[in-house]
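Just below is one structure, and these are the notes that go with it.
The values are calculated or read from the model by the stated rules, or taken from the named source; none is laboratory data. All of these numbers come straight from a predicted model, not from anything done at the bench. Positions of Cβ are backbone-derived with ideal geometry, glycine not excepted, and every protein chain shown enters the neighbour counts.
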Amino acid sequence: MGKAEEKRALRQRVRRSLIGEALRVRESQAICERLMAWPVYQNADTVAAFVPLPWEADVKLLLADALWQGKRLLLPRVAEGEMHFHIVSSLEELKPGTFGIPEPEADAPSVSAAEAQLILVPLDAADRQGFRLGKGGGYYDRLLAECPALVTCAAVLSSQWVEQVPADPWDLPVSWLCDARGLNPAKDGEQVTPGSHR
């Protein structure tokens, strides 16, 4: 089985094992609270994030907090096969986009994600080494390749953890992983409590 087939099978398996909505809400709130207590987030002037799908961690609490704190919030828009980030001033201005995901409108100011001090990335599955399984479009793989020095973090629900994501040579890991239990640097698995950063 090739990597593409492995990824497709893993994506289907993870989506079949979704946690219930009540648990998703609890885990999502814990994830947001950990991220909002993180000095990397607190000190960031610009945060790039995503609008969650029903099987992903619901990070809208963090999006609202970023706007309330006056941070510059960047959210993605996909058009003609390319993903670009746009400045958002209100979550109410988002409209269903290419994949039915709420997106900024086309005339919202476009900004490079490289200007963000923190990039929060979506996923279908993740492993402790920081490799993530996305939707298959490669948008975030290209983003991670373009911004290797930036702090990237994946928000992971308990049902999304796998022992190993089948990674291609061009797949790059995120630098941090956050779930309801903790915030961890990828690869070494060391537990990091909110309020500490190395």
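Could you check, for region 63-71, whether at least one of its residues is touching a residue at least 40 places away in the same chain (Cβ under 8 Å) and either more than 19 Å from Pro109 (Cβ to Cβ) or aliphatic (A, V, I, L, M) (or both)? Working first, answer last.
Initial filter on region 63-71 (touching a residue at least 40 places away in the same chain (Cβ under 8 Å)): none.
No, that holds for no residue.
Buried (at least 19 other Cβ atoms within 10 Å of the Cβ) and among the aromatic types (Phe, Trp, Tyr): which single residue out of Trp55, Trp38 fits that description? Working first, answer last.
On the way: Trp55 fails: buried (at least 19 other Cβ atoms within 10 Å of the Cβ).
None of the other options fit; the residue is Trp38.
When both residues are 6+ apart or on different chains and their Cβ atoms are under 8 Å apart, which pairs have a first residue that lies in region 90-104 and is free of Cβ contacts under 8 Å to residues at least 12 places away in the same chain, and a second that is buried (at least 17 other Cβ atoms within 10 Å of the Cβ) and among the acidic types (Asp, Glu)?
Sorted first by the residue in region 90-104, then by its partner, the pairs are Lys95/Glu103; Pro96/Glu103.
Just to be sure I understand, how many residues within region 116-132 are farther than 16 Å from Pro54 by Cα and either hydrophobic (A, V, I, L, M, F, W, C) or surrounded by fewer than 15 Cβ atoms within 10 Å (Cβ to Cβ) (or both)?
So the answer is 6.
Go through (1) within 15 Å of Ala154 (Cα to Cα); (2) in contact with a Gly (Cβ under 9 Å, 6 or more places away or on another chain); (3) at pLDDT below 95 one by one and return the number of the condition Arg8 breaks.
With (1) within 15 Å of Ala154 (Cα to Cα); (2) in contact with a Gly (Cβ under 9 Å, 6 or more places away or on another chain); (3) at pLDDT below 95 applied to Arg8, the lone miss is (1).
Please go through region 31-62 and pick out each residue that is farther than 28 Å from Glu105 by Cα and out of contact with any strand residue (DSSP E or B) (no Cβ under 9 Å at 6 or more places or on another chain).
Once the filter is applied, which keeps residues that are farther than 28 Å from Glu105 by Cα and out of contact with any strand residue (DSSP E or B) (no Cβ under 9 Å at 6 or more places or on another chain), region 31-62 yields Glu33, Pro39.
Can you name every residue in region 52-79 that is within 19 Å of Ser112 (Cα to Cα) and either at pLDDT 95 or above or among the basic types (Lys, Arg) (or both)?
Correct list: Leu63, Ala66, Leu67, Gly70, Lys71, Arg72, Leu73, Leu74, Leu75, Arg77.
Restricting the search to region 144-188, which residues are closer than 21 Å to Val40 by Cβ and in contact with a Pro (Cβ under 9 Å, 6 or more places away or on another chain)?
Leu144, Thr152, Ala154, Ala155, Leu172, Ser175, Trp176, Leu177, Gly182, Leu183, Ala186, Lys187, listed by residue number.
Considering only region 138-170, state which residues are touching a strand residue (DSSP E or B) at 6+ places or on another chain (Cβ under 9 Å), outside any helix (DSSP H, G or I) and either aromatic (Phe, Trp, Tyr) or within 18 Å of Ala57 (Cβ to Cβ) (or both).
Listed by number, the residues that qualify are Val151, Thr152, Cys153, Ala154, Ala155, Val156, Trp161, Val162, Val165.
Does Ser112 fit the bill of being more than 19 Å from Thr152 (Cα to Cα) and loosely packed, with under 15 Cβ neighbours inside 10 Å? It would help to see each step written out before you state the result.
Details: more than 19 Å from Thr152 (Cα to Cα): no; loosely packed, with under 15 Cβ neighbours inside 10 Å: yes.
No, not satisfied.
Evaluate region 13-23: report whether one residue or more is touching a Lys or Arg at 6+ places or on another chain (Cβ under 9 Å), surrounded by 14 or more Cβ atoms within 10 Å (Cβ to Cβ) and over 23 Å from Tyr139 (Cα atoms). Lay out the reasoning, then the answer.
Quick first cut of region 13-23, residues touching a Lys or Arg at 6+ places or on another chain (Cβ under 9 Å) only: 18.
From the residues that got through so far, the ones that are surrounded by 14 or more Cβ atoms within 10 Å (Cβ to Cβ) too are 18.
With the extra rule that they be over 23 Å from Tyr139 (Cα atoms), the set shrinks to 18.
Yes - at least one qualifying residue is present in region 13-23.
Please go through region 172-187 and pick out each residue that is part of a loop (DSSP other than H, G, I, E, B) and under 15 Å from the mean Cα position of the chain (by Cα). Can you show your working first?
In the first step, residues of region 172-187 are kept if they are part of a loop (DSSP other than H, G, I, E, B); the result is 172-175, 179-182, 186-187.
Across region 172-187, the qualifying residues are Leu172, Pro173, Val174, Ser175, Asp179, Ala180, Ala186.
Can you find a residue that is of a type outside the set (Gly, Ala, Ser), at pLDDT 90 or above and closer than 20 Å to Ile31 by Cβ anywhere in region 134-151?
First pass over region 134-151, keeping only residues of a type outside the set (Gly, Ala, Ser): 135, 139-144, 146-148, 150-151.
Next cut, at pLDDT 90 or above only: 151.
Subset that is closer than 20 Å to Ile31 by Cβ: 151.
Looking for residues that are of a type outside the set (Gly, Ala, Ser), at pLDDT 90 or above and closer than 20 Å to Ile31 by Cβ, one finds at least one in region 134-151, hence yes.
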